[in-house]
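Note sheet for the following structure.
No value in this document is a laboratory result; all are computed from the given coordinates. Computed from a predicted structure; not experimentally measured. Note that we place each Cβ from the backbone using ideal geometry, even for glycine, and neighbour counts take in every protein chain shown.
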Amino acid sequence: MERVSLIEGEIPVILFAPHGFQGNDENTAILTEVIAKQIKAYAVINRGWERSDQVDSLKDKADCNNVEHCHEEIVNEEILEPLLKFSKKAKNQHGTVFVYNIHGM
């Protein structure tokens, strides 16, 4: 299973599910994916990082909604960089971008 799912969009909207891991916020990942595909939004969906107070990449633990965790090398690569890439792409194509942080579905 991939830890993070990325969906390319066509509109200037990014849906971000930092706690999409099935043991954290139930159904958040699947709901974010369905909405993104339906409205053709970009999406960054955490599926494999279990929410934790400490980053431990060997155990797939990190809080992807914690900016300090997102600056750790592997979390940065999988979460923050795709968010920034999608944001830049949408802004270049549409002049603006809206980012929605999806939680607790």
Handout entry: Estimated Rh, the stretch 44-101: Kirkwood, alpha-carbon pairs, angstrom
Key = 12.1 Å
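When every alpha-carbon pair in the stretch 1-61 is counted, what percent end up more than 13 Å apart?
On the way: 1046 of 1830 pairs.
Tail fraction, whole percent: 57.
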Handout entry: Rounded FRET efficiency, nearest 0.05, which uses the C-beta distance separating L6 from D53 and R0 of 22 Å
Key = 0.25
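Given contacts defined as C-alpha pairs under 8 Å and at least six residues apart, what's the relative contact order of the chain, whole-number percent? Walk me through the intermediate numbers first.
Values: 224 pairs, mean separation 37.0, N = 105.
About 35 percent, as a whole number.
Write down the percent of antiparallel bridges among all DSSP beta bridges whose residues are both part of the chain, to the nearest 5. Please report the intermediate quantities before stating the final value.
Details: 5 of 14 bridges.
That works out to approximately 35 percent antiparallel.
Work out, step by step, the length gained on full extension between I74 and Q38: first 0.36 nm times the residue separation, then minus their alpha carbon distance; give nm to one decimal. Intermediate results must be reported in sequence, preceding the final value.
Details: separation 36, 0.36 × 36 = 12.96 nm, distance 2.97 nm.
My answer for the length gained is 10.0 nm.
Given a Förster radius of 25 Å and the C-beta distance between E81 and I30 as r, what FRET efficiency does 1/(1 + (r/R0)^6) yield to the nearest 0.05? Walk me through the numbers on the way to the answer.
Working: r = 24 Å, r/R0 = 0.95.
About 0.60, to the nearest 0.05.
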Exercise for the section: Working from Cα positions, state the angle (0 to 90°, nearest 10) between the long axis of helix 81-94 and the longest principal axis of the chain. Expected result: 10 degrees
Practice task
Report the equivalent ellipsoid semi-axes for the chain in whole Å, largest first, defined as the square roots of five times the eigenvalues of the gyration tensor built from alpha carbon atoms.
Solution key: 22, 16, 10
Practice task
Would you calculate a helix-derived [θ] at 222 nm for the chain, using -39,500 (n - 2.57) for each DSSP H run of n ≥ 4 and dividing by the full residue count, to the nearest 500?
Solution key: -8500 deg cm²/dmol
